[in-house]
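The values are calculated or read from the model by the stated rules, or taken from the named source; none is laboratory data. Quick caveat, the model's predicted, so the values are computed rather than measured. We place every Cβ from the backbone using ideal geometry, glycine too, and count neighbours over all the protein chains shown.
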Amino acid sequence: MIKVKFDKEEFEVNLAEKNVLGVLDVRDLPYVKDVQSGLKEILSKPIGTKSFGKIFKAGEKVCILVSDITRVPITKTYLPYLLNELNALGIADNDIFIVFTVGTHRKHTAEEHKKLVGEEVYRRVKCFDHEARDKSQHVYIGTTSRGNKINVFKKVMEADRIITTGTIGFHYFAGYNGGRKNILPGICSYETIVANHKMTMFCKKASEAKYSAAGIYEHNPINEDMVEAAEMVKPAFMINVVLDKNRNILKFFAGDIVKAHKKGVDFINKVYRPKIKKVADMVIASCGGHPLDLNFVQVHKAIHQATFAVKEGGVIIAVGSCSEGYGSESIEKYLSMRNVETIEKALAINYEIQGQTARAMLKKSRAYRIIFITKLPPKDVRAMGMVPASDITEALELAYRWLPENFSAYVIPNSMSILAKIV
C-alpha cells in the first residue's frame, strides 16, 4: 500500500503492481533517538572549528538563526538543550535571542513563533522576524566577487556570536538547502536576495547559469555567492540536520558553516539520491504534506524534483495543498503574461524573484503533462499550464488518457527531498 501526504492528511495510491517501477524515498537508516546526547556529541566534536565550549564566553550576546514556517520545525527538538549549553557557559537567556530567517517569505504570527521553537524556548528568549523589504533594518557588510552588495539584518549583527540552524536537502537552483542559506537569503535585504537569485538566469559569464541546479554544489554561482555572504557574516557555529522520511533526525552536522555543510551535502547525496535504471512514463509526487505544501512557491520545488524521474512529455501528478495560495502576489502577475519568452523579456528589464518561479513552472508545463491535486482554485492551476484534479482518483483517470497501455510509474512521497539519479 503506497500512501502520500496532502496537507495534514494522506491518501492511498492504487496502481497495479506491474506498473510501479518503485517508490523513491529516503533510505531507511538508524535515526538519532536521544536528541540531547546527539547534540552534546556534535558540540564537542564539530567539523572545521573549535569545540562549542571553546568558542562562546560568559556575558556574550548570542543570536540563533531559525528557519521559517515553510520548513519542518525540527530545530525546536534541540533548542532547549542548546540554550542550556549556552547557560552552562555563562550566557543567560536574556542575552540570547532568535531571528527567524524569513528571507522574502511572509512574517509569522506569535503562535507560529511558538510552533517553530516550542513553548519553553518561546518563554525563555525573545524572537524576531527578519524583514527583507525594510531597508532601514539592514546594514551593508561588503560586496561579493560577483558584485552582490550584502546587506544584512541589523538585529543579527548586534550579537557577539551567531549560531545558524537548519535542515540540509536539495534546492532547485542553489543546489542544496541549509548552511549558508540561513544567511543569504535568510537574513539579507530584498535587493541582496534579488541580486543573488538573478544569477539563475543572468550571470556575467553566461555559461555559469547551467550550474544553478538541484544537486550541483561546485561552480554553482548562486551557491558561491551565498558562501561569500556567509563568510562575511562570520557565524560562530552551524548546527544542521538531515531528516528521514518520518522527520526524525538522521544525522547532525555542526561546526564551520562551509565545511560542516559540505559534509552534510555529501551525506544527502548518499541517502536522498535513489538510483534508477530508467525514467518512467508517469511520476506521482507529493511535497510531503504540511508545512512543506503551504504555498505554491514551495510545492513548485517538489514538482521540479519529480522531473528527474519522468520522461519528457510524460505525466506528473503533483500533490500539494497550497492552503496559503501562491505564496507571492507577483507570481500571478507573471503568469498572466502567458508564455515563457514574455516573462524572460520582462525579467531582463526588471528582475523579480517569483517571476522566475512562474517562468520555471511554465517551462515544465510545456515539457510535461502535469495534473495538480491542490486547494488552489482551478483557474489558478490552469494559469500555470496544469490540469486541476480534486483527488487521486480523478487525477489517475485524467492520466490514463495520456499514458500507454503498459505504462511505468514512480511514486515519490517526499519529492522535495528526493533527486533521482539514473545509473
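Within region 238-261, how many residues are at positive phi and among the basic types (Lys, Arg)?
Start the filter on region 238-261 by keeping residues that are at positive phi, which leaves 247, 255.
Filter again for among the basic types (Lys, Arg), leaving 247.
Final tally of qualifying residues: 1.
In summary, no strands (runs of 3 or more DSSP E) completely within region 1-118 bear 3 or more residues that are free of Cβ contacts under 8 Å to residues at least 12 places away in the same chain. Consider residue 178 carefully, then state whether it is surrounded by fewer than 21 Cβ atoms within 10 Å (Cβ to Cβ), small (Gly, Ala, Ser), assigned by TED's automatic domain parsing to the domain that holds residue 83 and on the phi > 0 side of the Ramachandran plot. No; evaluated as a whole, the condition is false for this residue.
The conditions of being surrounded by fewer than 13 Cβ atoms within 10 Å (Cβ to Cβ) and not small (Gly, Ala, Ser) are not met by residue 5.
Being aromatic (Phe, Trp, Tyr) and surrounded by fewer than 18 Cβ atoms within 10 Å (Cβ to Cβ) holds for only one residue in 100, 128, 56, and it is 128. Residues that are touching a residue at least 60 places away in the same chain (Cβ under 8 Å), farther than 19 Å from residue 307 by Cβ, touching a strand residue (DSSP E or B) at 6+ places or on another chain (Cβ under 9 Å) and part of a helix (DSSP H, G or I) occur at least once in region 377-397. Annotation note: of 234, 154, 205, the sole residue that is more than 23 Å from residue 416 (Cβ to Cβ), among the basic types (Lys, Arg), in contact (Cβ under 8 Å) with a residue 24 or more places away in the chain and surrounded by fewer than 21 Cβ atoms within 10 Å (Cβ to Cβ) is 234.
From the set of residues in region 157-175 that are charged (D, E, K, R) and out of contact with any strand residue (DSSP E or B) (no Cβ under 6 Å at 6 or more places or on another chain), which is surrounded by the fewest Cβ atoms within 10 Å (Cβ to Cβ)?
Filtering region 157-175 down to residues charged (D, E, K, R) leaves 158, 160-161.
In the following step, the residues that additionally are out of contact with any strand residue (DSSP E or B) (no Cβ under 6 Å at 6 or more places or on another chain) were identified as 158, 160.
Numbers: 158: 11, 160: 14.
Here the answer is 158.
Taken over region 208-227, the criterion of being assigned to a helix (DSSP H, G or I) and either buried (at least 18 other Cβ atoms within 10 Å of the Cβ) or in contact with a helix residue (DSSP H, G or I) (Cβ under 8 Å, 6 or more places away or on another chain) (or both) is satisfied by 208, 209, 211, 221, 222, 223, 224, 225, 226, 227. Restricting attention to region 160-181, the residues being under 15 Å from the mean Cα position of the chain (by Cα) and part of a loop (DSSP other than H, G, I, E, B) number 7.
Would you say residue 262 is more than 14 Å from the chain's Cα centre (by Cα), outside the structural domain of residue 49 (by TED's automatic domain parsing) and over 18 Å from residue 4 (Cα atoms)? No.
Condition check for residue 184 on (1) farther than 30 Å from residue 31 by Cα; (2) assigned to a loop (DSSP other than H, G, I, E, B); (3) touching a residue at least 12 places away in the same chain (Cβ under 8 Å); (4) not small (Gly, Ala, Ser): one failure, at (1). If you scan region 48-96, which residues turn out to be under 19 Å from residue 241 (Cα atoms), among the small types (Gly, Ala, Ser) and out of contact with any Pro (no Cβ under 9 Å at 6 or more places or on another chain)? Residues satisfying the conditions are 48, 51.
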